[in-house]
Amino acid sequence: MIGGTKTCKFTKQILSRSLAEKQNSAKEAQPNPTPANPAEPPTPSKPSMGVAAAAARAALRPTAATLLLFSRPHQHRRATQHLPFARRRRHSYSSTATVAAPTPTLGDSGGEAPEPEGKAARRRRARESPEGLLRHQLDMCSRNADLPTALRLYDAAVSPESPVPLSLHHYNCLLYLCSNAAASDPDSSAAAAQRGFDIFARMEADGVQPNEATLTSVARLAAATRDPAMAFSVVRRMAAAGVPPRLRTYGPALFAYCDAKDADGAGQVEAHMDASGVVPEEPELAALLRVNADKARAEEVYRLLHRTRALVRQVCDTTAQAVEAWFRSDAASEAGVDKWDPRKIKEGVVKGGGGWHGQGWLGKGPWSVGTSEMDKDGTCQRCGERLVCIDIDPSETDNFASSLTELAIKREARDDFLCFQSWLRRHGPFDAVIDAANVGLYNSKAFSFSQVNSVVNAIQRVTKSKKLPLIILHRNRVSGGPAKAPFNQKILEGWRNAGALYATPPGSNDDWYWLYAAVSCRSLLVTNDEMRDHLFQLLGTSFFPRWKEKHQVRLTFSGRGPTLHLPPPYSIVIQVMNLNLNNVSSSDDQSCAVNVIIVRMM
């Protein structure tokens with residue numbers, strides 16, 4: 001037993017083969033004899049695949065001592081820092097590069113030197129090479145989740161009869177397919193995991209350096225064999241080697257610990273995530289909440305509910321069910337204190353912006369759990385209490401606008417974005433900002449200026465100043481295509497004359513512009529964009545979902561024109577409406593939220 005988890009069967013060979021591995025190590029350290037043909041590179045000796053596979057499994061497992069790397073130290077070489085798990089190549093050539101032939105000179109051939117090969121020709125030659133053809137075939141296997149075909153291609157590539165050098169991309173495709181099969185197909189899980197570990201061992205023996213994607217697949221293989229300790233050791237080694245782990249890298253270890261009902265192990269993974277600056281999302285928080293509730297750890301459940309409140313806001317139905325299960329448990333009825341300081345409760349509510357006091361469980365006794373709906377003002381139809389609109393600190397908004405500026409300047413032409421800021425100071429502030437590209441393409445393949453204009457007029461009627469909103473469009477949209485039509489020219493001219501149109505320059509991403517304008521002006525943002533892509537993930541802050549909740553205006557269209565769905569006058573988030581009345585808003589569909597009302601019977 002290591003770390004509370006059974007040792008996998010693949011590591012049992014280590015002790016019996018340790019002597020053989022040392023002998024192989026001694027043989028590798030001896031220099032190869034000079035080949036008869038000096039033009040041919042010496043063939044490097046490789047360790048047995050069975051020994052390498054077992055070594056890969058054993059080295060990944062955590063021990064009480066310092067975690068070891070795969071590569072054995074060579075006393076006669078200067079130490080170099082590289083990723084864990086991988087050996088340096090012992091030969092001078094690489095599986096991903098070819099040795100360039102010396103360029104002939106005029107003196108060598110007596111004629112003119114050949115013209116250098118162009119980029120297109122080099123790319124074509126790479127595609128048509130055995131490595132390139134194998135890459136394409138493995139990509140197709142990955143796309144179709146076809147592990148059997150990928151394994152046949154791999155076996156053919158490593159056969160002595162027709163070997164094909166394997167690159168990092170080849171290995172990553174194979175490991176991805178093995179880890180997917182191991183995680184999704186219980187019937188073939190063990191076989192797929194073993195092939196994955198064998199392939200990883202071969203990768204190690206070939207000296208191909210793994211990256212984050214490689215090790216994420218290895219962690220998934222470990223989780224599929226119900227070995228969370230091994231999956232977590234992969235993450236720790238990545239961090240120690242300076243390779244930043246991602247959320248997907250932590251997932252296998254975290255979910256494996258939670259499935260094994262190991263709350264302590266799951267807590268260690270969460271702490272490591274926090275130290276690495278990786279923020280959990282709803283699936284990770286729900287798993288942590290479930291395992292701690294099962295272990296009756298009331299204080300951890302309280303902490304995780306607050307963290308879910310801050311990071312997730314409105315939860316999905318499965319998370320709400322986990323919350324309900326906790327409040328119906330005996331442990332929940334027993335959690336709490338009999339006495340508390342009302343002054344601290346009030347201070348906590350004010351400090352948190354409303355909706356949460358943060359002082360832990362108050363009182364003792366069973367909880368009454370039920371569902372309800374809120375009216376348009378946020379009043380609960382079951383208990384009569386009203387949800388509050390949780391304040392956003394103005395300093396948070398200013399800091400967020402500053403971070404937006406820094407990110408935008410890094411990814412946009414600096415002068416272009418600074419020019420926009422200057423324009424906004426002259427023409428702003430605006431009560432609303434319109435993501436015109438999103439609005440103009442709503443339910444349509446062709447951009448519609450009249451559709452944008454109808455939304456402009458609709459939002460203008462509901463804003464306080466009755467001023468035209470700011471319309472953000474890419475310059476190509478306002479100078480070509482439908483923009484040349486006379487009717488559309490008239491619309492554009494009206495927006496320009498009102499100082500309400502800004503055309504973003506060529507090569508820019510207009511998302512940065514409309515988001516910065518809406519944040520800095522504290523205005524409404526009209527868009528159906530869920531803002532979940534890479535750009536918005538860069539923001540990496542709990543402020544963004546709170547800001548969206550209070551500022552984003554969604555829209556639908558019908559025969560009567562646009563319908564604006566304004567932000568609710570209350571915050572859709574877990575709230576404590578009085579000392580022991582909790583509201584959890586849940587929905588898998590934004591348009592039909594269900595509220596779980598939890599009241600302590602004291």
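The values are calculated or read from the model by the stated rules, or taken from the named source; none is laboratory data. Fair warning: this is a prediction, and the values are worked out from it, not measured in the lab. Here Cβ is always computed from backbone atoms with ideal geometry, including for glycine, and neighbour counts include all displayed protein chains. These area figures cover heavy atoms from the full protein model, side chains too; ligands, DNA and RNA do not enter into them. Shrake-Rupley method; radii C 1.70, N 1.55, O 1.52, S 1.80 Å.
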Every residue in segment 439-479 that is β-branched (Val, Ile, Thr), farther than 13 Å from LEU525 by Cβ and open to solvent by less than 30 Å² (accessible area, probe 1.4 Å), please. VAL452, VAL456, VAL478
Exactly one condition in (1) within 30 Å of LEU424 (Cβ to Cβ); (2) of a type outside the set (Phe, Trp, Tyr); (3) open to solvent by less than 20 Å² (accessible area, probe 1.4 Å) is false for ASN399; which is it? (3)
One residue is enough: does segment 398-418 have a residue meeting the conditions touching a Lys or Arg at 6+ places or on another chain (Cβ under 9 Å), in a loop (DSSP other than H, G, I, E, B) and not β-branched (Val, Ile, Thr)? no
Of (1) free of Cβ contacts under 8 Å to residues at least 60 places away in the same chain; (2) closer than 17 Å to ILE598 by Cα, HIS357 satisfies every one except (1)
Could you name every one of the helices (runs of 4 or more DSSP H) located completely within segment 475-574 that has at least 2 residues being among the hydrophobic types (A, V, I, L, M, F, W, C)? 486-497, 510-520, 534-537, 543-551
Name the pairs: first residue in segment 386-407 and farther than 22 Å from VAL596 by Cα, second residue modelled with pLDDT of 80 or more and open to solvent by 70 Å² or more (accessible area, probe 1.4 Å), Cβ to Cβ under 7 Å, at least 6 apart or on different chains? THR397/ARG522
Report whether or not VAL243 is part of a helix (DSSP H, G or I) and closer than 15 Å to PRO210 by Cβ. no
Take segment 464-479 and flag every residue that is of a type in the set (A, V, I, L, M) and closer than 18 Å to HIS427 by Cα. LEU468, LEU470, ILE471, ILE472, LEU473
Filter segment 239-254 for residues that are more than 16 Å from ALA271 (Cβ to Cβ) and under 18 Å from the mean Cα position of the chain (by Cα); the one that is surrounded by the fewest Cβ atoms within 10 Å (Cβ to Cβ) is PRO244
Residues of segment 430-458 being within 18 Å of PRO567 (Cβ to Cβ) and under 34 Å from the mean Cα position of the chain (by Cα), which ones? PHE430, ASP431, ALA432, VAL433, ILE434, ASP435, ASN438, VAL439, VAL455
Hey, GLU284 closer than 29 Å to TYR570 by Cα, out of contact with any Phe, Trp or Tyr (no Cβ under 6 Å at 6 or more places or on another chain), part of a helix (DSSP H, G or I) and acidic (Asp, Glu) or not: yes
Filtering segment 170-193 for residues that are at pLDDT below 95 and open to solvent by 50 Å² or more (accessible area, probe 1.4 Å) leaves a count of 7
Got a number for residues in segment 419-438 being open to solvent by less than 20 Å² (accessible area, probe 1.4 Å) and not in a helix (DSSP H, G or I)? 5
Among ALA222, ALA266, ALA260, ALA213, which is closer than 23 Å to ALA181 by Cβ and crowded, with 24+ Cβ neighbours inside 10 Å? ALA222
How many residues, within segment 145-169, are within 23 Å of the chain's Cα centre (by Cα) and part of a helix (DSSP H, G or I)? 2
For segment 408-417, give me each residue that is within 30 Å of the chain's Cα centre (by Cα) and either more than 16 Å from ALA518 (Cα to Cα) or open to solvent by 40 Å² or more (accessible area, probe 1.4 Å) (or both). ILE409, LYS410, ARG411, GLU412, ALA413, ARG414, ASP416
Would you point out the residue of segment 487-523, among those that are touching a Lys or Arg at 6+ places or on another chain (Cβ under 9 Å) and open to solvent by 40 Å² or more (accessible area, probe 1.4 Å), that is modelled with the highest pLDDT? ALA498
